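Novice: Have a look at this one before I ask anything.
The values are calculated or read from the model by the stated rules, or taken from the named source; none is laboratory data. In this text, all values refer to a predicted model and were calculated from it rather than measured experimentally. As a convention, Cβ positions derive from the backbone with ideal geometry for all residues, glycine included, and neighbour counts pool all protein chains shown. The accessibility values were calculated without ligands, DNA or RNA, using every heavy atom of the protein model including side chains. Shrake-Rupley method; radii C 1.70, N 1.55, O 1.52, S 1.80 Å.
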Amino acid sequence: MSNHFWITGTDTDVGKTLVTTYFMRYFQSKGEKVIPYKPIQTGLIVEDSKQYYGDTEFYQKFTETPLAAEDLNSYSFVEPASPHYSARLEGAQINEEVILDHLEELKSKYNRVICEGAGGLYVPIDERRNYHFLDLIKESRLPAVVVARTTLGTINHTLLTFKVLKMNDIPVAGIVFNGFEGTELEQDNIQTIKQITQLPTLVIPKLKSLAELKTLELEDDLFFERVMHV
């Protein structure tokens, strides 16, 4: 059983940050000391006199309890691109040991650490060493929750992600389907993936606005109970 886990996705923009934040709020509602952790973030946002990174700012916006900024992230790069490319533009190199050490520190401080990846499993961290997020997840020895779309193409992308994790002996705790609009195609996609993977699943509807995250209520206790016993 693991109290800590990764949020990975079938692709970029599938809603990993939204799901990470929802998980954060869920555990906070249970009175647990929880931290979302985005080890590598890219894409500095500049608005008037304010500068921030979207993912960690999103955590801060929706948290129910104060979050220590230094615990949210290890590497930040200005260019909104793959970590390896953004780092290269700044003459930097990402050291996975820095991330793994930070993660161990967080595990000693919090009941739950929710680690958010970047893009999908094969997003490079250091292309010169052929080192990807998949390798980082494997070295952390933590299970993964997969975030997937509900729309056309999700069966292939989700099953490929599931297979790669299994092939690398990374426990898959569950699948979160994000952006559900209720169509028959989406329902069949979800049911097909559930039947093949036999994993616990959670379905998050498409939100009209991100503010709805604060009032979103799902029947999720059973899902989290199963996820925490992987």
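Novice: Would you compute the Debye intensity of the range 91-154 from its alpha-carbon atoms alone, equal scatterers and no solvent, and pass along log10 I(q)/I(0) at q = 0.20, 0.22 Å⁻¹ to two decimals?
Specialist: -0.89, -1.01
Novice: Highest first, please rank the peptides 160-169, 33-42, 213-222, 109-118 by the mean number of other Cβ atoms sitting within 10 Å of their residues.
Specialist: In decreasing order of mean packing, 160-169, 33-42, 213-222, 109-118 become 33-42, 109-118, 160-169, 213-222.
Novice: With the chain treated as a Gaussian network of Cα nodes joined by springs under 10 Å, which of 199, 159, 210 yields the largest mean-square fluctuation?
Specialist: Top of the fluctuation ranking is 210.
Novice: Out of all DSSP beta bridges with both ends in the chain, state the antiparallel percent to the nearest 5.
Specialist: Beta bridges within the chain, antiparallel portion: roughly 20 percent.
Novice: Let me ask something additional. With an 8 Å Cα cut-off and a minimum separation of 6 or more residues, compute the relative contact order for the chain in percent.
Specialist: 25
Novice: With every protein chain left in place, what is the accessible area per residue of the range 1-64 in square angstrom, probe 1.4 Å?
Specialist: Here the per-residue accessible area is 42 Å².
Novice: Then there's this: On the protein heavy atoms, probe 1.4 angstrom, tell me the percent of accessible surface of the chain carried by carbon and sulfur.
Specialist: Carbon with sulfur: 48 percent of the solvent-accessible area.
Novice: Output the Cα-based Rg and Dmax of the range 39-165 in Å, rounding Rg to one decimal and Dmax to a whole number.
Specialist: 15.5, 45
Novice: By per-residue mean of other Cβ atoms within 10 Å, what is the highest-first order of 46-56, 130-140?
Specialist: Packing proxy ranking, top to bottom: 130-140, 46-56.
Novice: Just the number please: accessible area per residue for the range 84-167, 1.4 Å probe, all protein chains included, in Å².
Specialist: Details: 4020 Å² over 84 residues.
I get 48 Å² per residue for this part.
Novice: Taking each full run of DSSP H in the chain as one helix, which ones are at least 15 Å long along their axis (Cα atoms) and have mean Kyte-Doolittle hydropathy of at least -0.5?
Specialist: On the way: long enough: 16-29 (20 Å, -0.14); 96-109 (20 Å, -0.66); 154-167 (19 Å, 0.59); 184-197 (20 Å, -0.89).
Passing helices, by number: 16-29, 154-167.
Novice: How do 121-129, 61-69 rank on mean C-beta neighbours within 10 Å, highest first? Write down the numbers at each step before the final one.
Specialist: Values: 121-129: 16.9, 61-69: 12.6.
Order by mean packing, descending: 121-129, 61-69.
Novice: Here is a further query. With each label point set 7 Å from Cα along the Cα-Cβ vector, what nm distance links residue 70 and residue 28?
Specialist: 2.1
Novice: On to the next question. Could you pull the Rg and Dmax for the range 20-88, using just the Cα atoms, both in Å?
Specialist: Calculated on Cα positions, Rg and Dmax stand at 13.2, 41 Å.
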